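Heads up: the structure comes next, in structure tokens.
The values are calculated or read from the model by the stated rules, or taken from the named source; none is laboratory data. What you see is a predicted model; the values in this text were computed from it and never measured. Quick reminder, even Gly has a Cβ in these numbers, built from the backbone with ideal geometry, and neighbours come from all protein chains shown. All accessible areas refer to the heavy atoms of the entire protein, side chains included, with ligands and DNA or RNA removed. Shrake-Rupley method; radii C 1.70, N 1.55, O 1.52, S 1.80 Å.
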Amino acid sequence: MVAPNYELKYRVALVIQYLGTHFHGWQRQLQLRTVQAEIEKAIERVLGYPVALHGAGRTDTGVHAAAQVAHFDATSPIPAERWAPILNSYLPDDILIRGSASVNSNWHARFDAKWRRYRYTLYTEPRPNLFVKPFSWHYYYAALDENLIRSALQPLLGKHHLAAFHRAGSRRAHSWVEIQAVECDRQGAFINIEIQADGFLYGMVRLLVGLLVDVGKGSLSLDRFTELWQQQQREYVKYAAPPQGLCLLRVGYPDFPFSQEVWYETLPQLVLPAINNVAQEKRQVINQDILSSSINV
């Protein structure tokens, strides 16, 4: 009698969060710490043999992800939904698997994705704040008008040749991108810029935000901004926004085996409480009472 084979070959999809601060990006690189390599090492420890992890996109050094998506193939008796807690027990503190699920053997995290969405966060308060520093660009050198930034984003909707926002070193043969949605809103001291597209060029969002800041502070007109990218004038796009303000929000698929709670809105927006005159007066009274008590003692 032949013993039953409990080890089945199947494909596992993962929803992944990571803090990009101490990573040299997503993609595996020799002798450098990357997200892909860390997860592949954890999977190998469980399976006992190496696997290739395929991501929906490649984030750069220092860039975060709230819901990156990846897949790998395994021959194992471990149910697909158990991979998330198992891998989390092996992964470092700056990577977290939000969920794992079984997908068809021809499903692909990169090629089946219909869109990716990024958020860039600017912090405009003059005083620095250690607790928002890892997740935002502290831009306080000039006042920024979010309405101007919002207006500059609108003409980008649609399919365009965006060579002006394409960093050198990319293997991509063209610079065509279909931008599906754009947003810019202010929450107190924070300005959030969100862009959704079918794909992104190497360095695209950071170069775009660097130029949008010039629009927001009034040193670059809306017409000139549009002219730069429409005429592919890459030589005038000189400054990229720093990486820590950028986060891959989520990736969209026609058929996704995860509930929205797992992947859709897992990055909280940074908001600081408003300090009004009444609150300041109360704090002054409390401080005076504490000081008087200490003197009397």
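Loop-only trypsin sites (Lys or Arg not before Pro) in segment 172-217, please: DSSP not H, G, I, E or B, and at most 15 other Cβ atoms within 10 Å.
Of the trypsin sites (Lys or Arg not before Pro), the ones in loops of segment 172-217 whose Cβ has at most 15 other Cβ atoms within 10 Å are Arg172.
At q = 0.13, 0.17, 0.19, 0.21 Å⁻¹, what is the base-10 log of I(q)/I(0) for segment 49-201 according to the Debye formula with one equal point scatterer per Cα and no solvent? Please give it to two decimals.
At q = 0.13, 0.17, 0.19, 0.21 Å⁻¹ the computed log10 ratios are -0.82, -1.17, -1.29, -1.38.
For the chain, which longest stretch is free of loop sites, where a loop site is one of the chymotrypsin sites (Phe, Trp or Tyr not before Pro) that DSSP puts outside H, G, I, E and B and that has at most 13 other Cβ atoms within 10 Å?
Longest run free of exposed loop sites: 7-110.
So what's the chain giving for Cα Rg divided by 2.2 N^0.38 Å, two decimals?
1.20
If the reach is capped at under 21 angstrom between alpha carbons, list the lysines near Lys159, excluding any in the same chain fewer than eight residues apart.
Filter leaves Lys114.
Considering only the other residues whose Cβ falls under 9 Å of the Cβ of Gly57, what net charge follows from Lys and Arg at +1 and Asp and Glu at -1?
Overall, the nearby charge balance is +3.
How far apart, in nanometres, would the label points at Asp223 and Tyr239 be if each is projected 7 angstrom from Cα along the Cα-to-Cβ direction?
Modelled inter-label distance: 2.4 nm.
Hey, could you pull the Cα Rg and Dmax for segment 105-195, both in Å?
Cα only, segment 105-195: 16.5, 52 Å (Rg, Dmax).
Where does the charge balance sit around Ile149 when Lys and Arg score +1, Asp and Glu -1, over other residues with C-beta under 13 Å from its C-beta?
Its environment carries a net charge of -3.
Give the cross-link partners of Lys41 among the lysines, using a straight C-alpha distance below 22 Å as the criterion and excluding same-chain residues fewer than 8 apart.
Lys9
List the aspartates and glutamates whose Cα lies under 17 Å from the Cα of Lys217, skipping any in the same chain that are fewer than 8 positions away.
Within reach: Glu125, Asp145, Glu146, Asp185.
Report the Cα centroid-to-centroid distance between segment 1-61 and segment 168-224 in angstrom, as an integer.
What the calculation gives is 30 Å, centre to centre.
What number, rounded to the nearest 500 deg cm²/dmol, is the helix-based mean residue ellipticity at 222 nm of the chain, given -39500 (n - 2.57) per DSSP H run of at least four residues and division by all its residues?
Helix-only estimate at 222 nm: -7500 deg cm²/dmol.
Where only protein heavy atoms count, and the probe is 1.4 Å, what is the accessible area per residue for the chain in Å²?
That works out to 54 Å² per residue.
If DNA, RNA and ligands are ignored and the probe is 1.4 Å, what is the ranking of Ser175, Ser105 by accessible area, most exposed first?
Greatest to least solvent exposure: Ser105, Ser175.
So, with a 1.4 angstrom probe, what is the percent of accessible area on segment 1-157 that is carbon and sulfur?
After summing per-atom areas, the C and S share lands at 53 percent.
Taking a quarter of the surface of the Cα convex hull of segment 169-270, what do you get in nm²?
Result: 8.4 nm².
Determine the gain in length on full extension of the stretch Arg82-Ala173; use 0.36 nm per residue of separation and subtract their C-alpha separation, reporting nm with one decimal.
Gain in length upon complete extension: 28.9 nm.
What angle, in degrees between 0 and 90 and rounded to the nearest 10, separates the Cα long axis of helix 277-296 from the longest principal axis of the Cα atoms of the chain?
80 degrees
Could you check the simple spin-label distance between Asp255 and Asp73, using points 7 Å along Cα→Cβ, in nm with one decimal?
1.9 nm
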